[in-house]
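Trainee: Starting off with a structure, shown below.
What follows draws every value from the coordinates through simple rules; no lab data is involved. Note that the structure is a prediction, hence the values are computed from the model and not measured. Ideal geometry is used to build each Cβ from the backbone, glycine not excepted, and the neighbour counts take in all protein chains shown.
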Amino acid sequence: MNGVHEIAQYRVRPGTDPVRLQAILKSLHAWLTAQPGCLEIRSFLAEDGIGVTDLIAWRSKGEAQKAMAASEHQECLQALLPLVEPDSFGVNYGRQLLETRP
């Protein structure tokens with residue numbers, strides 16, 4: 001796949017209701033997939049129920065960064081922030097190196 005992947009990782013507060021988290025992420029996914037350049041988004045919850053990884057495919061890093069800046073005031077992101085452990089958010093960008101399917 002061409003383009004760039006945004007890998008966002010964070011921890012939600014212990015005791016966070018997974019149904020509530022999923023509903024908020026669904027809203028965030030809807031907003032993100034409506035942004036120019038967003039090709040796909042997947043969210044993963046670690047077995048511990050705390051670690052979250054969002055994998056977002058973008059046409060370009062610039063489009064990803066523009067969407068991230070615009071998301072700061074979105075209701076869906078504001079709903080997620082109280083669930084996230086302070087100082088646990090990190091983001092990296094990378095290009096797909098290899099994909100293998102059976």
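Trainee: Rounded to the nearest 10 degrees, what's the angle between the helix 61-71 long axis and the longest principal axis of the chain, both from Cα atoms, 0 to 90?
Mentor: The two axes meet at around 30 degrees.
Trainee: Tell me the mean residue ellipticity at 222 nm calculated for the chain from its helices only (DSSP H runs of n ≥ 4, each -39500 (n - 2.57), averaged over every residue, nearest 500).
Mentor: -10000 deg cm²/dmol, from helical runs alone.
Trainee: Hey, another quick one. Quick check for me: using +1 on Lys/Arg Cβ and -1 on Asp/Glu Cβ, what's the dipole size of segment 4-94 about its Cα centre, in debye to the nearest 20?
Mentor: 200
Trainee: Give, as a single signed number, the net charge of other residues whose beta carbon lies under 12 Å from the beta carbon of residue 27, with Lys and Arg counted +1 and Asp and Glu -1.
Mentor: Around residue 27, the charge tally is +1.
Trainee: Within segment 60-102, list the GluC sites (Glu not before Pro) lying in a DSSP loop whose Cβ has at most 11 other Cβ atoms in a 10 Å radius.
Mentor: 72, 99
Trainee: If I take the Cα coordinates of the chain and project them onto the principal axes, what are the three extents in Å, biggest first?
Mentor: Its Cα atoms span 38, 35, 23 Å along the three principal axes.
Trainee: Quick check: the angle from helix 18-33's long axis to the longest principal axis of the chain, C-alpha only, nearest 10 degrees?
Mentor: Tilt of helix 18-33: around 30 degrees.
Trainee: For residue 27 and residue 84 in one chain, what is 0.36 nm times their gap in residues minus the Cα-Cα distance, to one decimal in nm?
Mentor: 18.9 nm
Trainee: With unit charges on the beta carbons (Lys and Arg positive, Asp and Glu negative) and the dipole taken about the Cα centre of the chain, which residue among 86, 102, 24 sits farthest to the positive side?
Mentor: Farthest towards the positive pole: 102.
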